[in-house]
Amino acid sequence: MPSTIEDLATRLAALEDKEAIRLLKARYLRACDLKLVDQVRDCFLPTGVRIAYQNFPEFSDRDAFVAVYEQMACNGGVYDLHHATNWDIALTGPDTAKGLWSLNFRTILTGPRQIVRLAVEYEDVYIRAEGRWWIAETVSRVTSMLTEQIGEDGSVTVLALAEPPAG
């Protein structure tokens, strides 16, 4: 059965929305890595946001989250790398969507001479408002972790090796 112009327009709009959401997530993660605090803030819905990252307090205000992010990550000697993959975005309405992401995270802490590697799963909710997509809710859970200590002589000692919780 041939597609109508309306069908094609609907499918194209869905592809454009999903791409805009992928770019939003990429902009957020890149801003985190580059310590671009204002860009991190600008990825989240201005009001009514939910940020619930495992092992952190839950936030309902983007400025409160950004203040903690800035305090923890924007100091000398903290180098982060966020690589999100395996995206699965579903449009749930004309201006709403949900997304699943896998994250490969690494942080290098030069002060304590440690490297932390995490595998993380994100569940996000997105809202289109004011002509653009925003992260309205983001929840993460760590699925595995490795923390290494780098000795003065370059030797590596594993401090923590954690498997995902059972269940």
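So here's what we get for this one:
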read-out: Relative contact order %, the chain, counting alpha carbon pairs below 8 Å whose residues are six or more apart; value: 18
read-out: 5 Å binning of all Cα-Cα separations within the stretch 12-55, expressed as whole percents from 0 upward; value: 5, 20, 20, 25, 19, 8, 3, 0
read-out: Förster-model FRET efficiency, 30 Å R0, residue 141 and residue 12, C-beta, rounded to 0.05; value: 0.30
read-out: Degrees, to the nearest 10: 5-34 long Cα axis against longest axis of the chain; value: 20
read-out: DSSP beta bridge pairing in the chain, given as percent antiparallel to the nearest 5; value: 90
read-out: Residues 5, 115 arranged by fewest to most Cβ contacts within 10 Å; value: 5, 115
read-out: In degrees, nearest ten, helix 62-73 long axis to first principal axis of the chain (Cα); value: 30
read-out: Approximate spin-label separation residue 163-residue 30, in nm, with each point projected 7 Å along Cα-to-Cβ; value: 3.8
read-out: Dipole magnitude of the stretch 5-162, debye to nearest 20 (Cβ charges: Lys/Arg +1, Asp/Glu -1, about Cα centre); value: 180
read-out: Calculated [θ] (222 nm, deg cm²/dmol) that DSSP helices of n ≥ 4 give over the chain, each run adding -39,500 (n - 2.57); value: -9500 deg cm²/dmol
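Since every read-out is calculated from the coordinates, none of them should be taken as a lab result. Owing to the predicted nature of the structure, the values given are computational and were not obtained by experimental measurement. Because the Cβ atoms are built from the backbone with ideal geometry, glycine has one as well, and the counts that use them run over all protein chains shown.
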